[in-house]
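Notes for the one structure printed next.
Laboratory data are not the source of any read-out in this text; all were calculated from the coordinates shown. Keep in mind it's a predicted model, so treat the numbers as computed, not measured. Here the Cβ is made from the backbone with ideal geometry for all residues, glycine too, and neighbour counts use every protein chain on show.
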Amino acid sequence: MTIALQYCHITVHDPDEALAFYRDALGLEVRNDVASGEYRWVTLGSPTQPGLEIVLSEPHAGRSKADGDAMQELLVKGVLPNVVFRADDLDAAFEKIRASGAEVLQEPIDQPWGPRDCAFRDPSGNMVRLSQAPKE
């Protein structure tokens with residue numbers, strides 16, 4: 001039996017604004033852009049990992065008003081779970097993302113537990129980390 005992660009959802013205020021970060025700064029490719037009533041979701045994937053995709057959606061998309069309001073409140077506070085991407089050249093990726101105007105939370109550093117990583121906030125306030133495996 002094989003089990004693999006297929007989708008990861010990221011809640012954002014505005015899918016178009018988020019695209020400028022996830023597509024243009026991180027280099028992910030748009031795979032699907034679906035309207036659903038007054039909301040939409042956008043699916044993106046990595047050119048090097050064709051089976052894994054992230055889904056950007058607004059807090060109220062596919063949720064009740066109460067649940068959407070709760071998600072919106074958590075998004076505004078910046079306390080939703082973060083997402084971690086892997087990069088083969090962390091320093092080059094960091095410079096590209098910083099040049100996009102993204103808020104830098106942590107410049108690249110070697111962590112005591114092994115990887116080299118850095119952190120940003122996406123336009124909605126979500127923490128996005130980039131990690132590079134330690135050199136052997």
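Of note:
- Helix 65-77 vs. the chain, principal-axis angle (Cα, 0 to 90°, nearest 10): 30
- Residue order for T11, T48, T43, T2, fewest other beta carbons within 10 angstrom first, comes to T2, T48, T43, T11.
- In percent, rounded to a whole number, the relative contact order of the chain is 22, using alpha-carbon pairs under 8 Å and six or more apart.
- Using the Cβ-Cβ distance between A35 and D110 with R0 set to 35 Å, the FRET efficiency works out to roughly 0.20.
- Estimated D of the chain in µm² per second, where Rh is the Kirkwood radius over Cα pairs and Stokes-Einstein applies at 20 °C, 1.002 mPa s: 136
- Where a label projected 7 Å from the Cα of D67 along Cα→Cβ would reach, residues of segment 25-46 with amide N under 18 Å: 36-42
- Under 24 Å from the Cα of K65 - lysines, other chains or at least 8 residues apart: K77
- Positive dipole terminus of segment 11-58, leading residue within V34, G51, V12 (C-beta point charges): G51
- Sorted by Cβ neighbour density within 10 Å, fewest at the top, the residues I97, I3, I109: I3, I109, I97
- A simple rule links phi to the HN-Hα coupling: the Karplus curve 6.51 cos²θ - 1.76 cosθ + 1.60 with θ = phi - 60°, which for segment 107-118 gives 6, x, 9, 7, 7, x, 8, x, x, 9, 8, 8 Hz, with x for Gly and Pro.
- Placed amide H near E58: partners under 5 Å, 5+ positions off or other chain: V12, R40
- Chymotrypsin sites (Phe, Trp or Tyr not before Pro) lying in DSSP loop within segment 83-128, provided at most 13 other Cβ fall within 10 Å: W113
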